[in-house]
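These notes are about the structure you will find just below.
Only the coordinates and a few stated rules stand behind these numbers; no lab work does. Source: prediction; values computed, not measured. Heads up, the Cβs are rebuilt from the backbone with ideal geometry, glycines too, and the neighbour counts pull from every protein chain shown.
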Amino acid sequence: MSIAAVGEIIWAIGIVAWYVIRYPFERRAKRVRVVSDRRSPSETIGLACALFGLAILPGFYVATGIPKIADYPASVWAVALGTIIFATALWVFRISHKVLGRNWSISLQIREQHRLVSDGPYALVRHPMYTSFLLMALGQAFLLPNLLVDLAGLVGFAVLFFLRVNKEERMMLENFGPQYRDYMKRTKRIIPYLY
């Protein structure tokens, strides 16, 4: 088995694990009433771009090898590093969901009895779920030796992040006021101590 095939298998296992982590929280969230919904066309575009760049295009590549023209040689060190980064992404993704609990939503929503979560990974960054997507995109770039697929993951993440994060923070400020403003002062957005 080639090292490129090993990277593809690890990526595919990671995507399945991502869905296995998300599914129970998605089911539970449907049972909690939404009191404020800020879904918009730009949010739909962001989610679609992330889905395309982090799942559809790389999944197509893993299944077919297309687009071969953007391939480059796989290396053991890249697959090993990609595995560590992707596993870290899944850990951050899981712990973020667990800490959010009933407050989690796939879109910009405030749920009944919503509270400001500032513990666990939220003690370091305001948006650890986006941190996990950034780590997934980076892990994908090391696991799958194809320049187009690598860029698609990073661009998909960036489009989602930059279309949503300001709206999300505005919604939290409207809902939690000074409490969220204080929280913003002591945390970074997605990279602890940096950004």
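From the set of residues in the range 1-40 that are among the β-branched types (Val, Ile, Thr) and touching a strand residue (DSSP E or B) at 6+ places or on another chain (Cβ under 6 Å), which is farthest from residue 94 (Cα to Cα)?
This residue is 35.
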For this session: Residue by residue through the range 64-117, note down the ones that are outside any helix (DSSP H, G or I), among the polar types (S, T, N, Q) and surrounded by fewer than 18 Cβ atoms within 10 Å (Cβ to Cβ).
Result: 75, 107, 113
Exercise. When the range 141-187 is examined, which residues are found to be more than 19 Å from the chain's Cα centre (by Cα) and not in a helix (DSSP H, G or I)?
Worked result: 145, 146, 177
For this session: Please specify each residue of the range 150-160 satisfying the condition of being surrounded by fewer than 20 Cβ atoms within 10 Å (Cβ to Cβ) and in contact with a Leu (Cβ under 8 Å, 6 or more places away or on another chain).
Result: 154
For this session: Could you tell me which numbered condition residue 190 fails, if it satisfies all but one of (1) out of contact with any Asp or Glu (no Cβ under 6 Å at 6 or more places or on another chain); (2) crowded, with 16+ Cβ neighbours inside 10 Å; (3) in a helix (DSSP H, G or I)?
Result: (3)
Exercise. Of 87, 29, 74, which residue is closer than 29 Å to residue 166 by Cα and in contact with a Ser or Thr (Cβ under 8 Å, 6 or more places away or on another chain)?
Worked result: 29
